[in-house]
Amino acid sequence: MFKKGSRLYSIFTGVCPKCHEESMYTDTNPYHVSQLFSMHERCSHCNTKYKIEPSFFYGSMYVSYGVGIAFAVAAFIISYFFLGSTPNIAFIAIVITLILFYPIIVRLSRNIWINIFMSYDKVLAAKAKKKTTN
């Protein structure tokens, strides 16, 4: 399920959606906020261009909404049902969760968005792997 060659592997690791050989981001740590949106122009292994068109990743804002809702619902369920907090405390837990996980939400949304338009290519991955071993 999370092996190389699956969309989930690319989404959760942030690697190239075509070859799964290198990170799309210049800094893999999303909590280095100054580098949060900084991406390589192309994959150095398979030469895939990440920004298909100008402003390509604006579409990831729509995905970000859904991912943010998922995090908010999880925070609410944990705080309200499992920890037995009041609705006001549950709301505060949601806000804190969304603030703390903002970099993760942004990266996940971008990864999901690019994986909607690109998929793993076994032939391209094999060529890229062969090129790096030589």
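The values are calculated or read from the model by the stated rules, or taken from the named source; none is laboratory data. Values in this document were obtained by computation on a predicted structure and should not be read as measured data. In this analysis, Cβ positions are derived from the backbone assuming ideal geometry, glycine residues included, and neighbour counts consider all displayed protein chains. For the accessible areas, the whole protein counts, side chains as well, though only heavy atoms, and no ligand, DNA or RNA atoms are used. Shrake-Rupley method; radii C 1.70, N 1.55, O 1.52, S 1.80 Å.
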Meets criteria (closer than 29 Å to residue 93 by Cα, hydrophobic (A, V, I, L, M, F, W, C) and under 17 Å from the mean Cα position of the chain (by Cα)) for residue 69: yes
Meets criteria (closer than 21 Å to residue 3 by Cβ and crowded, with 17+ Cβ neighbours inside 10 Å) for residue 75: no
Residues of segment 4-21 classified as assigned to a loop (DSSP other than H, G, I, E, B), in contact with a helix residue (DSSP H, G or I) (Cβ under 6 Å, 6 or more places away or on another chain) and open to solvent by 50 Å² or more (accessible area, probe 1.4 Å), total: 2
Considering residues of segment 42-59 that are of a type in the set (D, E, K, R) and assigned to a loop (DSSP other than H, G, I, E, B) only, the residue nearest to residue 19 (Cα to Cα): 51
Failed item in (1) open to solvent by 50 Å² or more (accessible area, probe 1.4 Å); (2) over 30 Å from residue 123 (Cα atoms); (3) assigned to a loop (DSSP other than H, G, I, E, B), with residue 85 passing the rest: (1)
Residue count, segment 22-41 (criterion: out of contact with any Cys (no Cβ under 7 Å at 6 or more places or on another chain), assigned to a loop (DSSP other than H, G, I, E, B) and either farther than 12 Å from residue 110 by Cβ or free of Cβ contacts under 8 Å to residues at least 60 places away in the same chain (or both)): 9
Count - residues of segment 113-132 that are of a type in the set (A, V, I, L, M), under 19 Å from the mean Cα position of the chain (by Cα) and open to solvent by less than 50 Å² (accessible area, probe 1.4 Å): 2
Any pair with Cβ under 8 angstrom, 6 or more apart, that starts in segment 82-99 at a residue that is in contact (Cβ under 8 Å) with a residue 24 or more places away in the chain and ends at one that is of a type in the set (Lys, Arg): none
Cross-chain or 6+ apart pairs with Cβ under 6 Å, segment 65-77 first and in contact (Cβ under 8 Å) with a residue 24 or more places away in the chain, then crowded, with 18+ Cβ neighbours inside 10 Å: 67/105; 67/108; 67/109; 68/105; 71/97; 71/101; 72/94
